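Taking it in order: structure first as structure tokens, then the write-up.
A short reminder: the numbers here are calculations on the coordinates, not readings from a lab. In this text, all values refer to a predicted model and were calculated from it rather than measured experimentally. Positions of Cβ are backbone-derived with ideal geometry, glycine not excepted, and every protein chain shown enters the neighbour counts.
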Amino acid sequence: MTGLSLRPPQQVMRLSRLGSAHQTRLSFMRVVLRGLRRGGWQITRPLWKIDAQGVGRATYRVAGQGQVYTLVAFAHDLPPEQRSDRVIAESWDATFALVDGEVSEDDLNRLADNVPLQEAGRVSDRELVLSRANRSVRLWDHVVERLASGTQPDPAIMAEVGYLMRTTAVYGSGKFGAADHAALSGRALMDGPFRAEMLAVWLIRAFVRDLVEHMARTRGGSAAVPLARDLAESLGIGNSTGLGMAPFLVNHPALLDAWITARETALARVCAQDASTPETRAGFGAAFDGACANVAGWHSAHPLQIAKLDALREDCARLSAYLRTDDPLGAEQPWAALYSWSQRHLSVEGQELVAALMLEPHGGLIDDLAEKMGVDEMARHCLDGAVRLDKVQRDLRAQYDWALDLDLEQPDAQARFWYVSAAKQEPRLGRRAQELGAELEQPLDIARAAQALGRALSVADLTQCVADFVMTHPEHRRMLRRLHLNRDAPYSEIRDNLLDDAILPLNMLRLKLAFFGATRFDPRSDRWLRITMYQGAPYPDDLHDGAEDAWVLHGGAAPGRAGQIAAE
Amino acid sequence: MTLTRRSLSEIRATAQKAARGAGCCWGMAEEAGFAARLLEAHDLAGVATVDALLAAPRACACAGGVAPRGGQGERAGEGRALCGLSVMARLSDGDPLQCASNWGEVAGPLLLAGALLVHAQRTGRIFELSWPGGSVICAPEGCRVMGALPADRAAVSIQLLDAAPLPLVPARCDGRAVLASAWQRLEDLAARTYVPETEASRAAGAGPDAASQ
């Protein structure tokens, strides 16, 4: 489709907008579940060997389209004082590996020696994902107690937490010896960013439900009951996400561009539609109604999120009134008109919600873009040494004007520095004036690097080519590579100074998590948040039931709470 | 000779951090990671080569020496070989046949194969990187070492071939067996890029803590 008008990077790539992103039908969790359904994949549980203390192992086998994967789960008896979500934790309630293929007894024993150790152990090329999870203690104990006594847990308590366990890391792509991401190249469904990780998380969710029911049966015997289907579906897998995810967006610019381009292209395709149909109007309406209900029940204790949510609730009311009185979806180019209206009348968070909702009823038009979100980063690595420096200077001004125009001398502009701690290589954010280690800062200083390149070019022989320039100025090689990439990948760069005192790492985390498909963003500080994954989703035993994507929550909160509010 | 298995992702990440820890600027450190991964993917000793290079005195702009401006006739002086990483980057940035190959001795000469493999894949051309006693053929479909592997420093030359001898080693993505001693040295260098833990940094930290449970 040619002639599409994508939103410009100047608008899209600001952190404030990136940090207001919502999940869409191109989000990886949704792509995986749709793919499992459409591909007729089948899931079984060949092994369940968990004792009365909740310790043991289990396997979940996923087969389809000529492939087999197995989630191996280890349940542990974790002393409460050892429970921590930090990267530096050393033990967990449950640990997992997603294996490429079937698993033998020897595999299980090998994995039992390593998976519970997580970063301290080693896995093999056959393992695609390594992960771990901790209980939400309050909800876990409540659910076990209720199910053991033959009753269902309190929906209000369930809705307040939203998950029984939360993952604190989901490692793929060759970490700790696991298979390289290239191993999945060419495979139906699995060849795409974070597909293996999202499959693993969905299977972990199934394990968590099975484990809590097992513990209830252990305690209550014949009196115990399973978790009701609607309550089980209301649970997702929580996740505590901290700074570790933030540098990813800077260190993988080609991948970031691919994700954003796919989403923006989807939005542009929808906006280019001359008219809506009864189906697309109904689909948008249902998604919007769901969003309004969910936003009403989306709570946070963090002042940043509270302000966003207040604005979002007002946006929902405004949009609702607009849809009722003006019937914009009945007009020509209805989706473009709707998005244009949202830009004039809604907060950034509201605009991004509208953009996400507009994609919902247009699967036939946009779902193919999910297959364009992967990138061969090795192929995009090299510098174009033949370019003359006068062109480089022009490109720098055109593409990095946002950086060149910053005043980096004012006191707060370089107040922060990103670094890697010697403690388990945990990424951290420090205050330059108060903390040690700034001399070892990680290269997230894109604005500063762009300005340094600009200064070097201002005194250079501009008839020189890049290849000659970098021989005597190797310190600019990284920035030149980013500039070269950005020429053809306009969404590859976050257009904000990541060293500024006002930087909100939360915004970087939320963008990546929205692409994962996470909902229920719940910031706990400026640099970590809790989210929920697969909340509302089917379990393996009902994957093929119901309408596709019917489980999706828009606007991010627990359906249980939303239902409670609706009943009040 | 103890070996340890590492994934290509680990190889790239650690080689990059090690190069940075050894004093390379970030852009050149990225080249080290890229080259190590690419070479190991083709069964070439990328880890060992980067390890030897980072330990070698060499003429390099990052290290405060002279950059290899081969096109202008500069040579390595005073017993210092040219930095193979710098020469690899030079080859990568332009047409390898137009870059002068009269560099004198190059430290880590196998690194140059990384640039030639990229050019081969991009252009369909076949290159031969030669050193005393051996060479490596770099073709779009893979590579092949002929004769002995190069010493840690060697004079090299590059020529274009009409055809590649078979069989070629194609790129693979499975984990590599690398020298444990070389790997440990790279990890030790990478550790120079980490900030020592303090109670204050642990508390200010990165994210969730016990109080959040």
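Give me the dipole magnitude in Debye, nearest 20, for region A:425-476 about the Cα centre, with unit charges on the beta carbon: positive for Lys and Arg, negative for Asp and Glu.
In total the dipole reaches around 220 debye.
Normalise the Debye intensity by I(0) for region A:358-469, one equal point scatterer per Cα, no solvent, then take log10 at q = 0.13, 0.16, 0.17, 0.22 Å⁻¹ and round to two decimals.
-0.82, -0.98, -1.00, -1.12
What does the average come to when, for each residue of peptide B:16-22, you count the partner chain Cβ atoms lying within 10 Å of its Cβ?
Neighbouring Cβ atoms belonging to other protein chains average 1 per residue here.
Relative to the compact globular guide of 2.2 N^0.38 Å, what is the alpha carbon radius of gyration of region A:151-200, as a ratio?
For region A:151-200, the normalised Cα radius of gyration is 1.71.
Counting pairwise Cα distances across region A:263-326, what percent come out greater than 14 angstrom?
That tail contains 69 percent of the Cα-Cα pairs.
Please order B:Cys83, A:Cys465, B:Cys24 by the number of other Cβ within 10 Å, starting at the fewest.
A:Cys465, B:Cys24, B:Cys83
Of A:Leu98, A:Leu111, A:Ala75, which is farthest towards the positive pole of region A:1-121's charge dipole, taken about the Cα centre with +1 and -1 on the beta-carbons of Lys, Arg and Asp, Glu respectively?
Farthest along the dipole direction, towards plus: A:Leu98.
Report D for the protein assembly as shown in µm² per second (integer): Stokes-Einstein, Kirkwood Rh on Cα pairs, 37 °C, 0.692 mPa s.
Rounded, D is 118 µm²/s.
For region A:536-548, just list the computed ³J(HN,Hα) in residue order, Karplus coefficients 6.51, -1.76 and 1.60, θ = phi - 60°, integers in Hz, with x standing in for Gly and Pro.
x, 6, x, 9, x, 6, 10, 4, 8, 8, x, 7, 4
Which number do you get for Rg(Cα) / (2.2 N^0.38 Å) in region A:306-408?
Taking the Cα Rg and dividing by 2.2 N^0.38 Å, one obtains 1.61.
Tell me which residues come under 5 Å, amide H to amide H, from A:Val68 once H is placed; ignore anything under 5 positions away on its chain.
Here A:Gly101 satisfy the definition.
Take every residue in peptide A:373-379, count the Cβ atoms of other chains within 10 Å of its Cβ, and give the average of those counts.
Across the residues of A:373-379, the mean count of other-chain Cβ atoms within 10 Å is 2.
If you average the C-alpha positions of region A:340-358 and of region A:145-204 separately, how far apart do those two centres end up, in angstrom?
Using only Cα atoms to place each centre, the spacing works out to 30 Å.
For region A:150-157, what does the Karplus curve 6.51 cos²θ - 1.76 cosθ + 1.60, with θ = phi - 60°, yield as ³J(HN,Hα) per residue in whole Hz, taken in order and with x for Gly and Pro?
Here the 3J(HN,Hα) series is x, 10, 8, x, 6, x, 5, 5 Hz.
Once you've got the Cα coordinates, tell me which of A:Lys308/A:Lys372; A:Lys175/A:Lys512; A:Lys175/A:Lys424 are over 22 Å apart.
Table pairs above 22 Å Cα-Cα are A:Lys308/A:Lys372.
Take the alpha-carbon positions of region A:1-160, form their convex hull, and give its projected area averaged over all directions (one quarter of the hull surface) in nm².
Seen from a random direction, the Cα hull of region A:1-160 projects 15.0 nm² on average.
Give the average, rounded to an integer, of partner chain Cβ atoms located within 10 angstrom of each Cβ in A:430-438.
Per-residue shielding by partner chains comes out at 3.
Give me the Debye-computed log₁₀ of I(q)/I(0) at q = 0.14, 0.17, 0.20, 0.21 Å⁻¹ for region A:420-568, equal point scatterers on Cα only, no solvent, two decimals.
Log10 I(q)/I(0), no solvent term: -0.92, -1.11, -1.30, -1.36.
Which helices, taking whole DSSP H runs in chain A, have alpha carbons extending 30 angstrom or more along the helix axis plus mean Kyte-Doolittle at least 0.0?
The answer, listed by residue number, is A:195-220.
Taking the Cα centre of the protein assembly as shown as the origin and placing charges on Cβ (Lys, Arg +1; Asp, Glu -1), which of B:Leu54, A:Ala179, A:Ala379 is farthest toward the positive end of the dipole?
Going by the charge dipole, the pick is B:Leu54.
Provide the per-residue ³J(HN,Hα) series for region B:106-112, in order, calculated from phi with Karplus coefficients 6.51, -1.76, 1.60 and θ = phi - 60°, each as a whole number of Hz, with x at glycine and proline positions.
10, 7, x, x, 4, 4, 4
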